[in-house]
Amino acid sequence: MKGAQEMKKALITILVAILIVVVIVAVLVNLLGDRALKVGIETAATKVLGVGVAVDDVSLSLLGGTLDLSGLVINNPAGYEHPTLLELGNAHVDVDVKSLLSDTVNIEDITLDGITVVIEQKGLSNNLNVVLAAIPSGTGQEDKPGQQATSKKLLIANLEVTNVKVKVKLLPIPGRADTIELSLAPIRMTNLGSGEKLDTAKLTGKVLSAIAKGVAQEGTDILPTEIIGPIKATLTEQGAVFVETGKKVIEESTELGKELLDKGIDVGQEALDSIKGIFKK
């Protein structure tokens with residue numbers, strides 16, 4: 001009887017210990033995933049756009065297959081007065097969790113809501129056009145046969161950009177308003193990546209290009225030629241800026257994952273490595 005009670009206590013102790021370990025690992029995995037994604041998004045976008053990009057908060061749910069992001073800011077190029085080119089309120093992503101472990105990540109929906117763009121005129125150019133012109137265009141290079149893929153391919157069923165407000169700051173001219181405000185129609189794209197290799201770098205270019213195209217369309221009869229002209233010319237030259245270049249990302253997140261592995265905590269690491277692969281080229 002006494003032996004049975006001791007065995008029962010031992011089993012309870014083991015179960016409690018396992019439960020504690022599972023909870024701790026789950027917290028660490030979520031923390032690592034959020035930190036890695038935040039750094040990855042900032043680094044990839046910064047390298048593609050050529051200006052600083054910062055994210056306020058990233059929340060990843062591996063079990064739910066969701067990613068929520070808030071407070072993304074794209075800085076202005078050097079020489080412009082306003083600190084930012086674009087500010088994003090919220091982003092929500094629904095992803096097939098199982099696909100994170102494969103070479104192709106399947107994303108059902110991406111929603112970008114609450115964007116403010118500030119276009120600042122400077123001479124015959126403007127900040128939006130400077131960033132657009134800096135984004136590499138072309139077909140890029142595919143991974144060679146036998147070469148390990150350096151970035152994951154994205155397949156996105158639906159992408160929607162809503163509530164885009166544009167403030168255009170013009171050169172001061174007597175009798176003319178120095179700021180014009182536009183509201184863009186919702187932007188919708190479907191089946192992205194189905195006929196091409198799409199990574200996060202190229203996706204970033206597609207979204208900014210779509211916004212610039214919206215500005216060109218909405219502002220054709222409102223904005224001065226010196227604003228619209230360069231934007232249209234750049235979009236035409238780059239084929240609407242469908243970027244094929246990927247960018248190398250975060251050594252920081254790799255080190256974070258290594259630290260956990262060195263401590264013998266490998267639960268969820270494969271999924272996290274897969275997530276980090278989304279931001280690599």
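The values are calculated or read from the model by the stated rules, or taken from the named source; none is laboratory data. If you're wondering where the values come from, they're calculated on a predicted model, not measured in any experiment. Positions of Cβ are generated from backbone atoms using ideal geometry, with glycine treated the same way; all protein chains shown enter the neighbour counts.
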Given (1) under 20 Å from Val131 (Cβ atoms); (2) surrounded by 15 or more Cβ atoms within 10 Å (Cβ to Cβ); (3) at pLDDT 90 or above, index of the condition Leu192 fails: (1)
Set Leu28, Leu72: member being of a type in the set (A, V, I, L, M, F, W, C), surrounded by 14 or more Cβ atoms within 10 Å (Cβ to Cβ) and modelled with pLDDT under 55: Leu28
Any pair with Cβ under 9 angstrom, 6 or more apart, that starts in the range 162-188 at a residue that is under 13 Å from Gln121 (Cα atoms) and ends at one that is of a type in the set (Val, Ile, Thr) and in a loop (DSSP other than H, G, I, E, B): Val168/Ile222; Ile180/Ile222
Subset of the range 172-189 [more than 19 Å from Leu208 (Cβ to Cβ) and exposed (fewer than 14 other Cβ atoms within 10 Å of the Cβ)]: Pro172, Ile173, Pro174, Gly175, Arg176, Ala177, Asp178, Thr179, Glu181
Single condition Glu181 does not satisfy, out of (1) under 21 Å from Ile115 (Cβ atoms); (2) part of a helix (DSSP H, G or I): (2)
Count - residues of the range 89-124 that are surrounded by fewer than 17 Cβ atoms within 10 Å (Cβ to Cβ), part of a strand (DSSP E or B) and at pLDDT below 90: 2
Subset of the range 47-69 (residues that are outside any strand (DSSP E or B), surrounded by 17 or more Cβ atoms within 10 Å (Cβ to Cβ) and modelled with pLDDT under 90): Lys47, Val48, Leu49, Leu62, Gly65
Condition check for Glu42: under 20 Å from the mean Cα position of the chain (by Cα), more than 23 Å from Gly214 (Cα to Cα), surrounded by fewer than 15 Cβ atoms within 10 Å (Cβ to Cβ) and at pLDDT 85 or above: no
Residue count, the range 178-206 (criterion: out of contact with any strand residue (DSSP E or B) (no Cβ under 6 Å at 6 or more places or on another chain) and among the hydrophobic types (A, V, I, L, M, F, W, C)): 3
Contacts under 7 angstrom Cβ, first residue in the range 32-51 being touching a residue at least 12 places away in the same chain (Cβ under 8 Å), partner outside any helix (DSSP H, G or I) and among the basic types (Lys, Arg), 6 or more apart: Ala44/Lys247; Lys47/Lys247; Val48/Lys247
Check on Ser209, touching a strand residue (DSSP E or B) at 6+ places or on another chain (Cβ under 7 Å), farther than 16 Å from Glu120 by Cβ and of a type in the set (Gly, Ala, Ser): no
The range 195-214, residues that are surrounded by 15 or more Cβ atoms within 10 Å (Cβ to Cβ), among the charged types (D, E, K, R) and part of a loop (DSSP other than H, G, I, E, B): Lys197, Asp199
Matching residues in the range 215-231 - criterion: being of a type in the set (A, V, I, L, M, F, W, C) and assigned to a helix (DSSP H, G or I): Val215, Ala216, Ile227, Ile228, Ile231
Pick from the range 130-160, criterion buried (at least 21 other Cβ atoms within 10 Å of the Cβ) and part of a helix (DSSP H, G or I), ranking: modelled with the lowest pLDDT: Leu132
